[in-house]
Each structure stands twice: as C-alpha cells, then as structure tokens.
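The values are calculated or read from the model by the stated rules, or taken from the named source; none is laboratory data. Owing to the predicted nature of the structure, the values given are computational and were not obtained by experimental measurement. Heads up, the Cβs are rebuilt from the backbone with ideal geometry, glycines too, and the neighbour counts pull from every protein chain shown.
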There are 2 protein chains.
Amino acid sequence: MARLVMKFGGTSVANLDRIRNVAQHVKREVEAGHDVAVVVSAMSGKTNELVAWCTDASKLYDKREYDAVVASGEQVTSGLLAIALQEIGISARSWQGWQIPIRTSDAHGSARIESIDGSSLVNGFNRKEVAVIAGFQGIHAESGRLTTLGRGGSDTSAVAIAAAIEADRCDIYTDVDGVYTTDPRIVPKARRLDRVAFEEMLEMASLGAKVLQVRSVEVAMVHKVKTFVRSSFDDPANPQPGTLICDEEDIVEQQVVTGIAFSKDEAQLTLRSVADKPGVAAAIFVPLADANINVDMIIQVVSNDKKSTDITFTVPAADFERAKVIIEGLRGDIGYESLQGATDVVKISAIGIGMRSHAGVAARAFKALADKGVNIRAITTSEIKFSVLIDAEYTELAVRTLHTLYGLDKP
Amino acid sequence: MARLVMKFGGTSVANLDRIRNVAQHVKREVEAGHDVAVVVSAMSGKTNELVAWCTDASKLYDKREYDAVVASGEQVTSGLLAIALQEIGISARSWQGWQIPIRTSDAHGSARIESIDGSSLVNGFNRKEVAVIAGFQGIHAESGRLTTLGRGGSDTSAVAIAAAIEADRCDIYTDVDGVYTTDPRIVPKARRLDRVAFEEMLEMASLGAKVLQVRSVEVAMVHKVKTFVRSSFDDPANPQPGTLICDEEDIVEQQVVTGIAFSKDEAQLTLRSVADKPGVAAAIFVPLADANINVDMIIQVVSNDKKSTDITFTVPAADFERAKVIIEGLRGDIGYESLQGATDVVKISAIGIGMRSHAGVAARAFKALADKGVNIRAITTSEIKFSVLIDAEYTELAVRTLHTLYGLDKP
C-alpha cells in the first residue's frame, strides 16, 4: 500500500466523459489499496475564457480579483470529479486550496506555495476517502484572499502536496505519454524516455519543453518527489508507466545528451557600434532588469578598430517591444549607432547531465549545424546544457540534426 | 449619507457589457456619498450549466459537491464586477461567502443563513471601498464546506447582509422595474405598485410571483429591511425608484386587493368514493408528508348517501407522479373507488392586507368567475389572500377578470 498523488491537466478533464475516465484511473489505484490525493486543473479552455473576461473588464486588472475569478475553474472540476468518483462507488471529497489550506505568498497571479497543512488530507485517507484537490490555487493567509500559482501551476500544486503528505509517488497525467527526446511532431523518431534526472527536466522545462511547469520540477527536485509523467488517454485498466523524473543516481545508463528542446518565444536585439567604455553593459542591462525583462543570451563582439563593439542579446518575445522602447530611450546615454531587432529566431538547446563528464559536446553541434548551412546567432552554455540561437526557418533542420548527432534516433 | 445594499441578478450581469452597466449604477450611489455593498448572482445561464454538469456526473450527486461546483458562478461575477468598478475609478474588492463569513446551516443546496459577520465589510466602508459580494453562497462553519442557499438565494443574501450591516436600504435590481398588480404579459393594464407590504409580498412570492425568493421576503420582514425592487435596465444616470416593500403602516392608501398571482406548478389528485370513516385523512396525508410532499389545497365532499366521500388535494407538479404512486400503494388501507389526477390546472390568488377588514372579498370573485363560465375546482383562503384552482385553459380569462373586479386596471 502506497500513498499517491495523481494530477490531471485541462485536456484530461475537458468534459464529463473525460472526467469519468479520470475517475476510472483513480479507481484503479484505490482498488490497488493506495491512499490517493487527486489534483485537477480547470476544464481545458476555461482558464482562457476567465482570463479573457478579466482583460475585457480592465486591461490593468487587479490581480487579486483576477485570482478570485480564475481560481473558480479548478473549483468546478474538483467538485465534478468528486461526484464522478462517488458515482462509481469511491468515497471522495473536494478540497479547495483555502480549505486545506495551501498557503502561498501574496504575489497574486504567480504566487509561490509557502506551506501546506496535509493533516486534513491524511485524516481523509484514514476514512478511506480520496481527496480531490483544486490545483493552481491557494490562499494568502494574512489577507485571507485567493491566490493562483501561474500557468501550469497545478503541476506545482501536485508535487508540493506530494511532498507535504510524504507521498510515495506523484503521477502527472497529461495528453502525452511521457517526456520525449524532443517534440515528436518535429522528429518522428523521437523516443519516450524511461527516466530523466531532475536537473535535466528542469533545463528542458526552462528551455521550451512544455510538459511540466518549471517550478514543479524545482519543488520535486528539492523534496525528492518521485514524479511520473504519463498519459490520461491510456486505457485506465492497462496504463503505460510513462517517464520517471528522479535523482541522477537512479539513472543507470546515462546518455551524454538526453533531449533536444527548442523555444520560439525568443527575440533578439542588437546594438551596433556601441562606444566600448566601462559600464556600458550595466547601462543597458540594469534598466531592463528594473523593468522585469529577463535577458537570456548576451554576446559582445569588439570591432576591428577596437573602439566600438556590437552587443546582441535575447529577451522573451512578449517583452520585445517594451525592451526596444527602453533601449531607444537610452540612446543618448549609451551612444550606439543603430538598434536592430529580430523576432523570427529560435533557441535550440541540448540537455544532458552526461555533459559534465564529456568535453567537446557543444563543439560537435556547432560543426554539424555549420555543415547543414545553419548560421548560429548566439550561444550559451552551462554545466548540463548548451543553447544556440538561429533563424526560425531552420528550426526543424537543426533539431533533427542534433537529435541524430547525439544518437537519440536509435531505439 | 446612507448605507446601501444593491443586488444584481443573472440577467443584470449576463456579460461584460451588462457588468459595466452595473458598475455605473454602483458609481452613481458612491458619488452620492453612500457606503455600498453589492451582491451579485452568477451570469445568467451559468448556474444552469453547472447544475447540468453535476447531474451528468451523477443523478444522485453529493449536494456538498454540488455546492462547491455551483458556488463558483457567483465567485466569477464578484471578481469581474470589482475589476469593472476599479476600471472606472471606484475602489472595490470582492468577497466570497466564506471570506466574510456568511455562516449557514449544513442543508447543502438549500442552506439557511445563520449569522453574518458584517465587520469586515464595514471596515471596507471606512476605507471608502465598495464590497462586491458573491450572493447565493455561504460556509458551514463546523465542516468548513461551501454551501448554497437554493434558487434565487442571492436575494436572501442581499437582504440578510442589509440586516447585518444595518443598511438603510436594500435595492434588488432585476430585469423588471418593480412589483406589478399581476403579470403584465397576461394583463397589459397591470400597474407597477409604488409600495407593497411585507406580508403581501410574502404571499405573492409564495403564490407564484417570481420577482423575489420567498425566504428573502421573510428575512426582510423580520429585520424590517426597506427593500426596493427596481430595474438594472434603467439609465444608470436616471433610474426609476421601483417598488418599495415595507411595513403595512407605511402604506397610506391601502387597496383591498393589491395583486393577482398565479402558479402553474400545481397538480390535482382526487380520490373517489373514499369510505367516510375517522382517520381516513391521516391515512392519506401522513404518508405524503413523510415523503416530503407539500399538500396545499384540500377539499372533501360527502356523497348524498353520506357513506362515502370524495377527497381532492393539490401537490406541486414536480411531485405529482411520486404522490400518485404513494396513494396507489395505499389503496388497500384506504379503500377508495378510483384515483384521478390532473396537471392542467392553475392556482389563481388574490392578495391584499385590506381583506382583513373587508368581508366578502372572495365571494365576489366566485361570482365573477362563475359569470364568465370558469369552474372552480378548489378554494383556500387565509387572512390576507384567497386562491382558487381552475382549469389551466382559463388562466388568462380568470386573471383579467379578477384584476378588473378589484379595480387594479385603474391608473
């Protein structure tokens, strides 16, 4: 007998038929003798509808009210799944974030979980009662107001609850059957991974693989929550195991590169002929940081005469226009010749903890891409990944090239 | 400066345009210097959608989960209206029932308000902040679970909150501009009443006028809450006063009959040739009461030979089939000859506190209806109203006849 958290995303609870299907997955685990806490998202499309209403009411909506509005989506699904479970003979009750409570910071719209009191859920287990928990939401204790955790926040709810109740496992059910070496829509030969290390999953999520919210992987890593990514579209009577996200030492045969991720949400800005004097980088990047714009890749190329320099950097595509306005406003201070921008760029990343012990992994990629005629605009590397910024039109070619290069095509 | 509660029903908050219109009504009162608490229903259609999902999940759904699901509708509107108010420069925040808290019984699906702590709302007024309250919902303190008050419950929320914060007035905004002498769709000459006594409104609501939930009128009467029924479709800059529901003594020129109500939700059952022996009425009506079936009108006609009797009674149309099954099961015990039922019947009622001091009011109606060829199946009377059960096809004729008879056509 184990204690499980099962999390179901929006497409898994999109309508009553899907909710009944989820109930069958839960029933299987209950009948296997496990204590089960289920975490649910809003029905797919619901959160978007609620967000659109807030934006319609005011472009500068109060995020505290936004949270009250959007948290209602998960409330509905939690009640409906509890009813669907009771209908097939499984004792169950719904829990809203504030009822447990799941305490969060007051950063409305993207709150962080601060503590979870798991005792009421455990009391429910002692009554053989499944806990059906509204994901994505919590309460700020001091103000007593509803909070939400940001897009994908139900993943984080699930992992944090698993940590709070010391669950043996957290199963994240989604519309894919696991974590792949890369997006199978781009590389048909992409393979589902049996295991991924927490650190790798963290990089993949940060670098564009949308299978899990980044924050949820951080929480899983810190609290060592054994987390599976698996499909709710499997036959409930005969499900596939999915991908286990686990400690590095639990992975026996480690590849050098585990996966290739890519992100289209990038934009590039280049300042031409910046006077190369001390403090110029601070003059550019401090104002961007003050405006909460996340600068990712930075490259600086000194000109032949060594008197001026070109500075290129990337920002999230959503912040591109804002960043441009800020840099244009700094022209007098910085003294650059021209500002160029590009949004048709993509960041391709290769991730693998094996890179720690293998030299020259990135260099092989630069050569392979050059051989295919792919021009690299910028490069960043870290201990277990490297990323290249390229023109968007080369996305598929570059992903396939790297996927083959690192032996990920092989079964 | 006064303290107001303003309540807006589903059609008044049906979409963002309607919510913005509500914000203008609120703005008018805030700019007049009043402290304002607003109570909102779910967007029209939303509650039906949520109820349908619960029924789809299980015909015998857990009412506690039903409450969690359907309470979400008001949560959404409260947040959206708070945002819409802020957008036009009015300080506002949303309040869920559990946040105030509005404490209720644990009769999920039709809970009764037990207490309301108005202090947090009053603190908001001191900050010049409009309270936007999710109607229809509360919390059962012992279990910590969400409750709802039953259909039309937001009216009761509004009046109960008005009592708790000692409001000077409770304005119920709806899609009609007040309480009418009868349904204007049936009698074009129907007039809007300036004032109606609490007792009269209670009878009208009980007898089929759907303008207010019965329970809300009871609460208003007990706590002497000056309640207006008025239209949210009026120009917010130039609204009409609507109908005041008030104490009898505040009504100067009292009519004998104030209004004509009718209810189509009736069904009639007749037991022919029941053996006329002591205890037969108990044998019929106790089992119905045990099954929670509300018997309304009862008439008993003794046959010429005085050995048997016919017993006719009415039940809500929704309980007709259940009542028939129960009575058929009692045939052996009671010993009647045949059971007849009719659902094409309607109950027409005339209401007026003036009846207390005027004799023969009902008798005039019986004659007027007979003159028009309307057959009366059953009659009930009380201090301030009488009702007749007639064939449904005579509904309009009977309502118009009584409306004219009691002088309600006159301006």
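Odds and ends about this structure:
Yes/no per residue for (1) within 18 Å of A:S58 (Cβ to Cβ); (2) small (G, A, S); (3) in contact with a His (Cβ under 8 Å, 6 or more places away or on another chain); (4) in contact (Cβ under 8 Å) with a residue 24 or more places away in the chain:
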| residue | (1), (2), (3), (4) |
| --- | --- |
| B:L60 | no, no, no, no |
| B:L80 | yes, no, no, yes |
| B:I83 | yes, no, no, no |
| B:I90 | yes, no, no, yes |
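- Test set (1) at negative phi; (2) within 13 Å of chain B (Cβ to nearest Cβ) - A:G144 fails condition number: (1)
- Answer from A:I116, A:I139, A:I133 - the residue that is in contact with a Pro (Cβ under 6 Å, 6 or more places away or on another chain) and modelled with pLDDT of 95 or more: A:I139
- Positions within region A:154-175 being surrounded by fewer than 21 Cβ atoms within 10 Å (Cβ to Cβ) and within 16 Å of the chain's Cα centre (by Cα), in sequence order: A:D175
- Some residue of region B:181-199 being more than 18 Å from the chain's Cα centre (by Cα), buried (at least 19 other Cβ atoms within 10 Å of the Cβ) and either in the same structural domain as B:T395 (by TED's automatic domain parsing) or more than 19 Å from B:L81 (Cβ to Cβ) (or both): yes
- Elements of type helices (runs of 4 or more DSSP H) contained in region B:30-92, each with 1 or more residues being modelled with pLDDT of 95 or more, facing chain A (nearest Cβ under 10 Å) and over 18 Å from B:G150 (Cβ atoms): B:46-57, B:72-87
- Summed over region B:252-262, the residues that are in contact (Cβ under 8 Å) with a residue 24 or more places away in the chain and either surrounded by fewer than 19 Cβ atoms within 10 Å (Cβ to Cβ) or in a helix (DSSP H, G or I) (or both) give a count of 3.
- Here B:L16 does not fit the description of being more than 10 Å from chain A (Cβ to nearest Cβ), in contact with an Asp or Glu (Cβ under 6 Å, 6 or more places away or on another chain) and buried (at least 18 other Cβ atoms within 10 Å of the Cβ).
- Per-region count, region A:123-140, residues within 14 Å of chain B (Cβ to nearest Cβ), in a loop (DSSP other than H, G, I, E, B) and either among the hydroxyl-bearing types (S, T, Y) or more than 26 Å from the chain's Cα centre (by Cα) (or both): 2
- Criterion applied to A:S143, A:S120 was being among the hydroxyl-bearing types (S, T, Y), within 30 Å of B:V76 (Cα to Cα) and in a loop (DSSP other than H, G, I, E, B), and the one residue passing it is A:S143.
- Filter result for A:L402 (surrounded by 16 or more Cβ atoms within 10 Å (Cβ to Cβ) and over 26 Å from the mean Cα position of the chain (by Cα)): no
- Selection status of B:D171, in contact with a Phe, Trp or Tyr (Cβ under 9 Å, 6 or more places away or on another chain), part of a loop (DSSP other than H, G, I, E, B) and either under 27 Å from A:E74 (Cβ atoms) or in contact (Cβ under 8 Å) with a residue 12 or more places away in the chain (or both): no
- Filtered residue count, region A:93-103, keeping only those that are more than 8 Å from chain B (Cβ to nearest Cβ) and either assigned to a helix (DSSP H, G or I) or small (G, A, S) (or both): 1
Residues are listed down the side, and each one gets a yes or a no for (1) closer than 25 Å to B:G135 by Cβ; (2) surrounded by 22 or more Cβ atoms within 10 Å (Cβ to Cβ); (3) at pLDDT 90 or above:
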| position | (1), (2), (3) |
| --- | --- |
| B:R215 | yes, no, yes |
| B:M221 | yes, no, yes |
| B:D235 | yes, no, yes |
| B:V286 | no, no, yes |
| B:A291 | no, no, no |
| B:Q300 | no, no, no |
| B:K307 | no, no, no |
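- Filtered residue count, region A:44-80, keeping only those that are farther than 30 Å from B:E87 by Cβ and over 25 Å from the mean Cα position of the chain (by Cα): 2
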